[in-house]
Amino acid sequence: MSQSETVIEIRNLSKVYRDFWGRPKVRALNALSLDIKKGEVFGLLGPNGSGKTTTLKLLLGLLFPTEGEVKILGKSAADVSKNERIGYLPEESYLYRFLNAYETLDFYGRLFDMTAAQRKERSEKLLDLVKLAPQSRRRQLKEYSKGMTRRIGVAQALINDPDLVMLDEPTSGLDPLGNRDMKDLILDLKAQGKTVLMCSHLLADVQDVCDRIAILYGGELKVMGRVDELLKAQDETQIRSSKLSEAAEKEIQEVLQRHGATNVKVDQPTASLEDLFLKTVQESRERPGHRNVTDNQSVS
Amino acid sequence: MYFDPNEYLLNPIISVLNWVVVVGCLTFVVLFVSMVNLIATRGASGVGVFFDELGGMVTDLFQLSPRRIWALTRLTYTEAIRRKALAVFVVFGLLFMFAGWFMGDTKEIKPDQVKVYISFVLTTISWLTLPVVLILCCFGIPEDIRLRSIHTVVTKPARRVEIVLGRMIGIWLIGCLVLAVMAIVGHFWIVRQIPAESQSLLTCRVPVYGTRIDFVDREGNAAKSGVNVGDIWVFRSYIEGATKARAQWTFRNVGESLLDSDGNLNFENSFSAFRSYKGDMTRPLFYDIRLINPEKNLAYTTDPQPVNEFRHKLDTIPRKVTIDGTQYDILKDFVTDRKELHVEVSCIDREQYIGMARSDLFIRMPDRQFWMGYWKAILGIALTLLLITMIGVSASTMVKGPIAAVLTFVIYFLSLKDNHQFMDQLVFGQVQGGGFLESVYRLVMHMGPSQELPANPAFVVVKFFDWVLNNFLWLCRHVIPYSQYFNMPEFVSNGFDVPWDTSILPSLLVTSAFIIPCVLMGYFALRIRELESK
Amino acid sequence: MTNMTSQQRKLVYLIGIVVLLIPIIWLSLPSDGKDAPGGVLSQLRSKYELGEADLGDVDASSAAMNFALLGMRGMAVNVLWKDLDQQKDTKRWAEMQATTESIVRLQPHFERVWDFNGWNLAYNTSAEWDAVPDRYYWVKQGAKFLKRGVERNKRSTELYYRTGKVVQHKIGYADEATDYRKFFLSDPDPAFKGGPDPVINPDGKDNFLVAREWFEAGCARELVRAQHILDRSLFRSTPARCLFDYAQALQKEGKFGEETRAAWDHARKDWTEVYGHETFHALIGPEESDIMLEMTDEEIKQQAGTPDDALRVRRAVDAYQKMTNYRYWRTRAFAEAEPEMAEAHRRLFDAKQAYKAQEFENARTAAYEGMEGFDKILKRPEYASLTDEDVLCEECLLGWKIWDDIYQVSGDKIPEEFPLKWLVQMKNENQMIMLNVNKQFKRLFLETK
């Protein structure tokens, strides 16, 4: 994977929001550098206000960087032609509420200069894909529930069969079933060889689908690496088994102690990404500036 | 009838040069300000960004896609319709239901009243379509930014200039739709309001005006004008009866095409009578018309004709006229080699006066249908709407909706005839009482406009500021369009056809002059700004 | 304030709004018929009869327009007045009239607005037009406009007067009065098929008699609501004066029969028996006293307690009579009842007609006979005061002017002595009269065929 093509290249990217008089107000992003490879599902994690969405918007050219630069699909963020191969799902689906589902997809299809036949075919396919009930496709979006809006939002992001999909909080507002559908969709996109960049604060989502993650806090990169590697604690060994008898457990403990193991605990495993996340946030508060980046290739 | 169809002939070279200078200056100012802004926010790298952006802008312009523009146009259009912009028809309907309130008597229709009807319809239509377009164009993009729906558009291959263009076209189309519906209703309303026997008052006269008018005073010497009889309105000047005083018109390019189907030359006038003593009030004042050919020393005088004040008076001169037993042909014998026809009018009654202006005597060509003029007037409104749309949309890319709306409205308001003329007077120092600060001082101190300011060095500063403001006003005056070019409704309500050369063409030119700067400005503003509402 | 949460702040605002609303609601509570008098505003409204319906006919459009403009009426009206002025300057009459309509819809109960615009139409606009029927059309527009003003403002005393004034003065005394008076009975607009315009003359009466009805209505209103145009004694004389105008107009148009005599008789009765017995309050010394213009010494004695007071009352009556020209019209009315007077009028009229027809010899004879007739009457002591008033003197002097002119033109020697020589000498000093006479003579001269 490390040898494959780089889709997104972020170098030393900073963003300072200014007030009306041009005075710096908030440093939303501070010297972020990372690379995303083709075919990866990359997750940007962080609490609210950590700079995830800002990063996405900088990549898309919606915001202009204060410092640093961005290459996306080999082009600069300001270059509109890059958008031909990108699909973007905004944080909340900011769509035109007075259009219905067909009109929405038709409109975005036109923006890609697609012909009428292409648009029609693609719309039907996408609406089926995102499982939008046929009876609601002719209703204006303002009547949609949050879940439905999310679905049509995904459909518009995929209208051009993009190579790079950027999803901002893809599962927010979805019920468990919808959540499952969304994760399947992302895995499906990965299977098709697309690159996916998503940001989320819902850890379970990320853990399930992402190859690599980065955790941002206060606009700074805190943790980055492969999900499985990050969660593998280097100085711990976990033993899993089916439920054992008390005698068996005791015997095992004795064996372990004989081999010099300390702090032996025998219990059920927990959701460890959450631990990692909380730990990172906690550490960041205690030790600002600290970084734990296992994935060396991304930092030049 | 009583309006002055000024010659707004544009000089093509000067106009284009003027346009280039104004647009050039504006472009320079805009570019300079944005570069300063970029340097201020991004430091030295701002210069690079500035030139990158400039390059990107130019490339974008060559990658416009009609399909994308049309998609955005349709979006704008659908948005307007679904957001109930057409509710304006309710107001329109109400106004027309109760139009009689403003009109007075409908039983007795005089030519004057027809004018009031037509003005009412055209004014109502323009004042109803105007706010619709103003609101749509000024709030569309800011709302799109506020709701962030624009994010889903700019992250597609849509160029920002396409967004600007799509908005402009979409809003203009909806404006035109509203306009067309109202115009059709208005047309039927006018025709219905005017009783069958008065339908002939709905005219669309095609006048050919003299290119110049000269006056001769009572002693027979050339004069700048006739006599002023004390009217506040100096539009007409008066000639004295039974003296050598007369007015001379020169018509150019006189040929067969100006004659009616019977081969007669029709002169229409709207002279005004002024009596220095009342005399026999039952007897009107009389004038006569003389065709003269100075080259051949020929003159043909009509019989005395009564002045029919405040109405159209038609005098028909046959093509073949007889002078002292010899027959002459008007076109052959009276039109000079330079294709000019000289016409003189004098007053017959002693010590009485007849008032005339250049537009008071014209050759009346065969009339056109009323609807032709009417729809040309509607075209004038449509062009005004286009102008407002362009200004409004480009303003809305820079500032928030309400501010853009106020800005656009103020520009429109200043473009109106009286206001624009007042601006001219201010710029050229024809207004008494000094500039802004000075007049404020005079107002507060209860000083008359002609009173000397006290000798105080502070007034040097005041005058300097006023001078600066005045120069800013000079700039505004050149940028703000002059709506008098769009005065088609005025022609129609006065019963005239809308002339191509003095009304339609200039308004088309003015409108097109705004297309490029407005589109570019909107595009530029949308490009250099972050599309986040703050 | 800063320590409050947003909710607390909103609560404070809400309380503030409610507190401010209470007095407004209390002030403007509507009244529901008899039981509840309503708030202060509606009490005041009914006390001063300021409700829309009390003021005159309710015009829904006007109310709707004022409502639709919210608080912007003042601004709208300002713009309209500005437009009106410009339209007047640039002679856009129809537009001006339309603007006037809009203005009165916004200011329907502002009497000066009706007054000003009615005058503007009847006097200013009409004068701008050249043809007499056109002028008459605009005079009529002014009168109609004022009439509508009266209908919208039934409580206005002055608008009745203004309407009457246009009908009496503009139609009856303009330079084109002869034509206007004819048009008043037979409108030049073919739409009326030779009859009068029913809006201003529904019964087809003489303009002076129609004006009298307006003035009478005005006088009736005046008992309730004072006017500020004329002194009260003059204001109340307007209906009776119209009858004199009527009688004089008949004479001027060459009618000397029973109709004219009856008109003079009617005028005299109205003047002495109705107007003469109106009660006015005059200041007698430190106190007020009721006086009448027609008061015998006996009545004065009864009115006053002491002989001193009687003298003061006498003086007050004299002053009032002088102001209203009471004695002149009284004498004139009596004189006009004399057959010689009627004959003298007729002869002077004949002289004018003969002069117009260029029958100079007839004209000179008729003028001389007319002069003789007036000479006799005016020399009678009871009618001597008639020479104080201009109209009759002008008539006499015009007769002399014709007589004199024929002598001048024919080159005959003007006799040394002639009737009315004393009047000519007396009035020669009065430039105003001589100017009028010369003007009338010039017009007569221009009308010669």
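The values are calculated or read from the model by the stated rules, or taken from the named source; none is laboratory data. This structure is a prediction, so every number in the text was calculated from the model and none was measured. No Cβ is skipped: glycine too gets one built from the backbone with ideal geometry, and neighbour counts run over all protein chains shown. Note: areas computed on protein heavy atoms with side chains; ligands, DNA, RNA excluded. Shrake-Rupley method; radii C 1.70, N 1.55, O 1.52, S 1.80 Å.
Can you check what the net charge comes to around B:Ala525, using other residues whose Cβ is under 13 Å from the Cβ of B:Ala525 (Lys, Arg +1; Asp, Glu -1)?
Charge balance in the 13 Å sphere: +3.
Starting from the Cα of A:Lys142, draw a straight line to each of the lysines and keep only those under 16 Å, dropping any in the same chain fewer than 8 residues away.
Output for A:Lys142: B:Lys84.
Quick check: pseudo-label points 7 Å beyond the Cα along Cα→Cβ at C:Leu185 and B:Lys417, how many nm apart are they?
Result: 4.6 nm between the two label points.
Take the Cβ-Cβ distance between C:Asn362 and C:Glu338 as r, set R0 to 25 Å, and report the resulting FRET efficiency rounded to the nearest 0.05.
0.50
Answer with one residue from B:Val254, B:Ala357, B:Ile141: the one whose Cα lies farthest towards the positive end of the charge dipole of chain B, charges on Cβ with Lys, Arg +1 and Asp, Glu -1.
Selected residue: B:Ile141.
Could you go through region C:178-193 in sequence order and give the Karplus-derived ³J(HN,Hα) for each residue, using 6.51 cos²θ - 1.76 cosθ + 1.60 with θ = phi - 60°, rounded to whole Hz, and x for Gly and Pro?
3J(HN,Hα) across region C:178-193, in whole Hz: 4, 6, 4, 5, 5, 4, 5, 8, 9, 5, x, 6, x, 4, 9, 6.
Taking R0 as 56 Å, what's the FRET efficiency between B:Leu437 and A:His201 from their Cβ-Cβ distance, rounded to 0.05?
Efficiency, from the Cβ-Cβ distance: 0.45.
May I ask for the angle, rounded to the nearest 10°, between helix B:160-193 and the longest principal axis of chain B, with both axes built from Cα atoms and the value confined to 0 to 90°?
Taking the Cα atoms of chain B, the angle to B:160-193 is about 40 degrees.
Counting only protein heavy atoms and a 1.4 Å probe, tell me what percentage of the protein assembly as shown's accessible area is made up of carbon and sulfur.
In the protein assembly as shown, the share of accessible area belonging to carbon and sulfur is 57 percent.
Can you tell which of C:Thr163, C:Thr238, C:Thr331 shows the greatest fluctuation in a Gaussian network model of chain C with Cα springs below 10 Å?
C:Thr331
Near the amide H of A:Gly68, under 5 Å away, which other amide H atoms are found, from residues 5 or more places off or on another chain, if H is placed in the peptide plane?
Excluding prolines and chain starts, which carry no amide H, the hits are A:Ser14.
Full extension from C:Thr279 to C:Tyr48: what is 0.36 nm times the residue separation minus their Cα-Cα distance, to one decimal in nm?
In short, 80.5 nm is gained.
Measure up A:Lys57/A:Lys120; A:Lys25/A:Lys57; C:Lys301/C:Lys322; A:Lys75/B:Lys156; C:Lys322/C:Lys379 against 23 Å on the Cα-Cα distance and list the ones that go over.
Pairs exceeding the cut-off: A:Lys57/A:Lys120.
Given charges of +1 on the Cβ of Lys and Arg and -1 on the Cβ of Asp and Glu, with all other atoms neutral, how large is the dipole of region B:206-365 about its Cα centre, in debye to the nearest 20?
Rounded to the nearest 20 debye, it is 280 debye.
Can you tell me, using C-alpha contacts under 8 Å and at least 6 residues apart, the relative contact order of chain C as a whole percent?
RCO, chain C: 7 percent.
List the accessible area buried at the contact between A and B, summed over both sides and calculated with a 1.4 Å probe, in Å² to the nearest 100.
In total, this chain pair buries about 3400 Å².
Rounded to the nearest 10 degrees, what's the angle between the helix C:73-89 long axis and the longest principal axis of chain C, both from Cα atoms, 0 to 90?
Its long axis makes an angle of about 30 degrees.
What's the extension gain from B:Ala87 to B:Asp303 if we count 0.36 nm per residue and subtract their Cα-Cα distance?
Separation in residues times 0.36 nm, less the Cα-Cα distance, equals 71.9 nm.
For C:Asn438, project a label point 7 Å along Cα to C-beta. Then give me every residue of region B:267-299 with its amide nitrogen under 20 Å of that point.
Flagged as within label range: B:276-280.
Against the longest principal axis of chain C, how steep is helix C:132-152, in degrees 0 to 90 to the nearest 10, with axes from Cα atoms?
40
Per residue, how much accessible area does the protein assembly as shown show when a 1.4 Å probe rolls over the protein heavy atoms, in square angstrom?
49
Can you list the HN-Hα couplings for region C:339-347, worked out from phi with the Karplus curve (6.51, -1.76, 1.60; θ = phi - 60°), rounded to whole Hz and with x for Gly and Pro?
Each residue of region C:339-347 in turn: x, 4, 4, 4, 5, 4, 4, 4, 5 Hz.
Which entries in the list C:Lys356/C:Lys413; B:Lys115/B:Lys313; B:Lys313/C:Lys91; C:Lys165/C:Lys205; C:Lys140/C:Lys193; C:Lys252/C:Lys352 go over 19 Å, if you measure between the two C-alpha atoms of each?
C:Lys356/C:Lys413
Where the centroid of each part is defined by its Cα atoms, how far is region A:119-162 from region B:483-522 in Å?
46
Report the gain in length on full extension from B:Val208 to B:Thr27: 0.36 nm times residue separation, minus Cα-Cα distance, nm rounded to one decimal.
Extending this stretch completely gives an extra 61.0 nm.
For region B:177-200 and region C:88-166, write down the distance between their C-alpha centroids in whole Å.
Here the two parts' Cα centres lie 29 Å apart.
Within 10 Å of each Cβ in peptide B:137-149, how many partner chain Cβ atoms are there on average? Round it to a whole number, please.
2
Per residue of region B:333-341, in order, report the coupling 6.51 cos²θ - 1.76 cosθ + 1.60 (Karplus, θ = phi - 60°) as ³J(HN,Hα) in whole Hz, putting x for Gly and Pro.
Rounded to whole hertz, the list is 9, 9, 7, 6, 4, 7, 6, 9, 10.
Under the rule of at least 5 residues apart or a separate chain, name every residue whose amide H is placed under 5 Å from the amide H of B:Ala242.
For B:Ala242, the qualifying residues are B:Cys347, B:Ile348, B:Asp349.
Would you mind getting me the FRET efficiency between B:Val410 and B:Asn253? Use the beta-carbon distance for r and R0 = 41 Å, nearest 0.05.
So, using R0 = 41 Å, E works out to roughly 0.45.
Local charge sum around B:Asp337 (other residues, Cβ-Cβ under 13 Å, Lys/Arg +1, Asp/Glu -1)?
With Lys, Arg at +1 and Asp, Glu at -1, the net is +2.
Would you calculate a helix-derived [θ] at 222 nm for chain C, using -39,500 (n - 2.57) for each DSSP H run of n ≥ 4 and dividing by the full residue count, to the nearest 500?
The helix contribution divided over chain C gives -20500 deg cm²/dmol.
Work through the residues other than A:Asn12 whose Cβ is under 13 Å from its Cβ and net out their charges, Lys, Arg +1 and Asp, Glu -1.
Local net charge: -2.
Excluding residues on the same chain fewer than 8 positions from C:Lys255, give the aspartates and glutamates whose Cα lies under 16 Å from its Cα.
C:Asp206, C:Asp245, C:Asp265, C:Glu336, C:Glu338, C:Glu340, C:Glu343, C:Asp350, C:Glu395
May I ask for the distance between the Cα centers of region C:374-429 and region B:325-402, given as a whole number of Å?
So the separation of the two Cα centres works out to 61 Å.
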